[in-house]
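The structure under discussion appears below in the form of structure tokens.
The values are calculated or read from the model by the stated rules, or taken from the named source; none is laboratory data. Values in this document were obtained by computation on a predicted structure and should not be read as measured data. A quick note on method: Cβ atoms are made from the backbone with ideal geometry, for glycine too, and the neighbour counts reach across all protein chains shown. Note: areas computed on protein heavy atoms with side chains; ligands, DNA, RNA excluded. Shrake-Rupley method; radii C 1.70, N 1.55, O 1.52, S 1.80 Å.
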Amino acid sequence: MEPIIKTFALGAFQTNAYLVKNQATNEAIVFDPGMEPDELLAAFAHEKVVAILLTHAHLDHIGGLNAVRKLTGAPVYIHPLEQSWLTDPELNGSARWSNMTAPIRCERAEHELADGQTLELAGFTIQVMHTPGHSPGSCSFVIGQHCFGGDVLFAQSIGRTDLPGGNYETLMESIQDKLLELDDATIVYPGHGPKTTIEMEKMYNPFVTGLLR
């Protein structure tokens, strides 16, 4: 069954959080609960959230994590390279952007992710891809032809690499070796901005088209 996907652009950074529901099981997964999550929290009234998946642990992707955890009791999944970022405002960037938020400190995640891992959650089979470059532990999650990639690939753009732990060459390798290997029809749900497809990015993204020459 195709997932029901709801998008919430949260906080000053307009970070996309996603609520992905399986209507057959009446269970849901949350991706990247960002800052100012009230709209997202209100959507939980009729949903059983069974997992919180983090593409990475920058402040704008975890700003609402404590609130979502408290309301749902759902376990958190993150790559081990960013496990410590959850508890450290210096690492997650909230200390740097102190004008935007109070320091963000979350409990450690219950589960750590590995490249190539398969998760069975909410009746979905989820493929985990480690896609570093924007940050060391960035992960992308694939459910059928839906890819939740955080800040790796955007519509006609890519994630920034000037933050601590970022690396442009590594990001481009992640895009070329992981995301561009997905089916062209795969829909990409990025951390900011509108959704896109692998085919559209191969055609119109100037960073991607350079990889295909």
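Using only protein heavy atoms and a 1.4 Å probe, report how much of Met172 is accessible, in Å² to the nearest 10. For Met172, solvent-accessible area is about 20 Å². On full extension, the segment bounded by Lys202 and Gln156 gains 15.6 nm, given 0.36 nm per residue less the C-alpha separation.
Using the Cβ-Cβ distance between Glu112 and Leu212 with R0 set to 41 Å, the FRET efficiency works out to roughly 0.75. Just round it to a whole percent: the fraction of Cα-Cα distances in the chain exceeding 21 Å. Result: 49 percent of Cα pairs exceed 21 Å. In a DSSP loop and with at most 15 other Cβ atoms within 10 Å, the trypsin sites (Lys or Arg not before Pro) in segment 63-120 are Arg96, Arg105, Arg108. Restricting segment 69-120 to GluC sites (Glu not before Pro) that sit in a DSSP loop and have at most 15 other Cβ atoms within 10 Å of their own Cβ leaves Glu107, Glu110.
Using a simple spin-label model with pseudo-atoms 7 Å out from Cα toward Cβ, Gln176 and Arg105 lie 4.3 nm apart.
Highest mean first, the peptides 46-56, 18-28 sorted by other C-beta atoms within 10 Å per residue fall in the order 46-56, 18-28. Over segment 1-60, Cα pairs under 8 Å with separation of 6+ residues give a relative contact order of 30 percent. Around Arg96, with a cut-off of 13 angstrom between Cβ atoms, what is the net charge of the other residues, counting Lys and Arg +1 and Asp and Glu -1? Computed value for this residue: -4. On the basis of the beta-carbon distance and an R0 of 22 Å, Gln127 and Ala12 show a calculated FRET efficiency of 0.10. Looking at the chain, the DSSP beta bridges with both ends there are about 70 percent antiparallel. Extension gain, Glu169 to Glu90, is 26.0 nm, computed as 0.36 nm per intervening residue step minus the present C-alpha separation.
Spatial offset of segment 134-206 relative to segment 1-41 amounts to 19 Å, using the alpha carbon center of each.
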